[in-house]
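Right, one structure below, let's go through it.
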Amino acid sequence: MSPNGRNTRGNGRSVAVIGAGYVGLPSAATLAHFGHRVVLAEREPSRLAALRSGRMPIVEAGLDDLVADAVASGNLRFVESAVDAVAGAEFVFLCVPTPMSSDGSADLSYVEAAAKEIGSHLEPGSIVVNKSTVPVGSATMVEQVIGRADITVVSNPEFLREGTAVHDSLNPDRIVVGADDPQAAAKVGELFTSTGAPLIVTDATTSETIKYASNAFLATKLSFVNALAGLCEEVGADARDVLLGLGYDKRIGFEFLRPGPGWGGSCLPKDTRALLHTAQEAGYDFSLLAGAIASNDEQLERVVSKVVAACGGSLDGVAVAVWGLTFKANTDDRRDSPSLDVSYRLAGLGASVQAFDPTVDADEGDDDGGPEDLRGLDLRADPYEAATGARALVVLTEWDEFRWLDFSRVLAVMAEPNIVDARNLLDPAAVRRMGFSYTGIGRQ
Ligand code: NAD
Ligand code: UGA
């Protein structure tokens with residue numbers, strides 16, 4: 001320990017991370033992997049207990065090994081209180097939620113509360129890093145809440161995707177750091193030197209804007225893809241080939257070109273609305289982004305219409321099987337999931353929704369104590385049980401295991417052999433040969 005109480009062993013720096021969620025946990029483990037000494041604070045008792053007993057509180061490929069190695073190396077430990085985490089830390093990363101407020105803006109109450117909590121406990125001269133997704137002006141807001149001239153706040157937005165968070169954290173496309181003090185920003189950038197990723201050092205406002213711009217661009221790209229798939233259906237073109245034709249153009253690329261039931265998740269929906277809110281506050285008419293959001297709602301509704309059509313025009317009293325409840329495959333996250341949105345729209349039209357997801361325990365929704373977002377769904381223990389007696393089967397999340405099921409068994413248990421494949425996951429020719437009626441997205 002140095003005289004100021006900081007641990008200065010080796011080249012690694014002392015880092016505190018506040019919040020062990022989908023961002024905080026991979027970020028903390030990655031920083032520890034890079035040789036920094038990390039203390040991760042998580043106040044939610046079940047998440048903390050899981051971590052302390054070596055279990056991962058979220059589904060994320062490779063995270064268990066990364067965390068176990070970091071703990072074994074002595075570079076990562078867990079505490080309950082943010083105040084305990086910041087003792088001796090040169091850098092403090094805020095990875096707390098920024099959900100959507102009722103007016104569409106980002107709810108900064110967790111960020112504000114965390115800043116208040118740690119403010120007077122921060123080491124002199126330490127740097128607070130906003131890794132949570134926060135709108136323009138948030139670095140200044142956190143600085144004001146902390147109210148100390150010796151503390152600098154740096155924006156360092158996170159771009160990882162759920163499901164590939166470990167890969168993305170170890171191999172980021174870029175590191176963005178922004179502060180009104182460029183030296184502080186550069187110091188935060190140095191923590192990630194071993195990634196070899198391009199480093200963009202800019203001011204806080206620009207850095208905060210980069211994060212929202214990235215998510216808004218991705219959402220707009222998907223809205224375009226989904227709308228294009230709708231057009232393909234009308235003119236008889238095959239959206240998959242059309243998108244292949246687009247993707248080979250290097251300026252367009254193949255990533256993020258898969259049509260689906262609409263985009264969702266814990267970030268794209270809230271971040272697009274927050275950016276729209278920022279634009280409105282600034283008096284800027286961002287009609288393109290408003291259109292992308294509206295178009296996403298149309299896509300969800302288009303999927304519902306396909307199910308209604310498959311069931312002969314009405315869902316009243318009709319059993320519908322749903323495969324997949326998470327917002328995409330390879331995660332257990334159901335926040336703002338298009339699958340849930342579509343499921344509840346189907347239920348709203350009178351359908352009885354028999355749902356299966358590999359990350360959901362069928363007993364979870366049985367009573368009022370189950371997760372709120374699953375209430376009203378008839379959760380089933382496996383995909384065949386979900387399909388039993390159903391007049392339509394809707395594939396809503398692209399879990400790979402759905403491809404390899406015994407479709408003759410699915411056919412045998414269904415009341416009518418209708419498949420609506422909102423992820424274009426299945427082989428239309430193969431299931432049609434078996435006797436199913438198949439509807440995909442943007443293809444015949
Ligand atoms: P999350 O809800 O999974 O995790 C946040 C964690 O912070 C929770 O476990 C909560 O208990 C904990 N927490 C809150 N306040 C705390 C405090 N004062 N002390 C200790 N723990 C505290 O959220 P998330 O998905 O990790 O998102 C966090 C932020 O990162 C958001 O701003 C989000 O927009 C952004 N982001 C998320 C992703 C993603 O893929 N989920 C990607 C990039 C950016
Ligand atoms: C997204 C961004 O991709 C990350 O860069 C960002 O860091 C993160 O949000 C965030 O800010 O939280 P994530 O929410 O994990 O990551 O999910 P994505 O992989 O982007 O998927 C978002 C939605 O689009 C999902 O519903 C997914 O199914 C859908 N999607 C994605 C498609 O329908 N088609 C595609 O080709 C890709």
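Just so you know, all these numbers are worked out from the coordinates, no wet-lab data involved. Not measured: the values here are computed from a predicted model. Cβ placement follows ideal geometry from the backbone for every residue including glycine, while neighbour counts extend to all protein chains displayed.
Checking the structure you have, find out if any residue of the stretch 278-295 is more than 16 Å from ligand 1 (Cβ to nearest atom), surrounded by 15 or more Cβ atoms within 10 Å (Cβ to Cβ), part of a loop (DSSP other than H, G, I, E, B) and among the aromatic types (Phe, Trp, Tyr). Among the residues of the stretch 278-295, at least one is more than 16 Å from ligand 1 (Cβ to nearest atom), surrounded by 15 or more Cβ atoms within 10 Å (Cβ to Cβ), part of a loop (DSSP other than H, G, I, E, B) and among the aromatic types (Phe, Trp, Tyr), which makes the answer yes.
Residues that are of a type in the set (S, T, N, Q), more than 9 Å from ligand 1 (Cβ to nearest atom) and assigned to a helix (DSSP H, G or I): does the stretch 109-117 have at least one?
Yes, that holds for at least one residue.
Within this structure, residue 403 fails the test of being assigned to a helix (DSSP H, G or I) and in contact with a strand residue (DSSP E or B) (Cβ under 6 Å, 6 or more places away or on another chain). Of all the criteria given as (1) out of contact with any Asp or Glu (no Cβ under 7 Å at 6 or more places or on another chain); (2) closer than 19 Å to residue 326 by Cβ; (3) touching a residue at least 12 places away in the same chain (Cβ under 8 Å), the one not satisfied by residue 359 is (1).
Against the conditions (1) within 16 Å of ligand 1 (Cβ to nearest atom); (2) under 23 Å from the mean Cα position of the chain (by Cα), residue 224 satisfies every one except (1). Answer with yes or no whether residue 393 is surrounded by 13 or more Cβ atoms within 10 Å (Cβ to Cβ) and touching a residue at least 40 places away in the same chain (Cβ under 8 Å). So residue 393 fits the description; yes. For the stretch 230-284, the set of residues classified as among the polar types (S, T, N, Q) and away from ligand 2 (no atom under 12 Å from the Cβ) consists of 278, 280, listed by residue number. Counting only residues that are outside any strand (DSSP E or B) and either under 24 Å from residue 295 (Cα atoms) or of a type in the set (Phe, Trp, Tyr) (or both), the stretch 316-339 holds 13 of them. Restricting the stretch 19-62 to residues that are more than 24 Å from residue 326 (Cα to Cα) and either within 10 Å of ligand 1 (Cβ to nearest atom) or among the hydroxyl-bearing types (Ser, Thr, Tyr) (or both), the residue that is farthest from the chain's Cα centre (by Cα) is 53.
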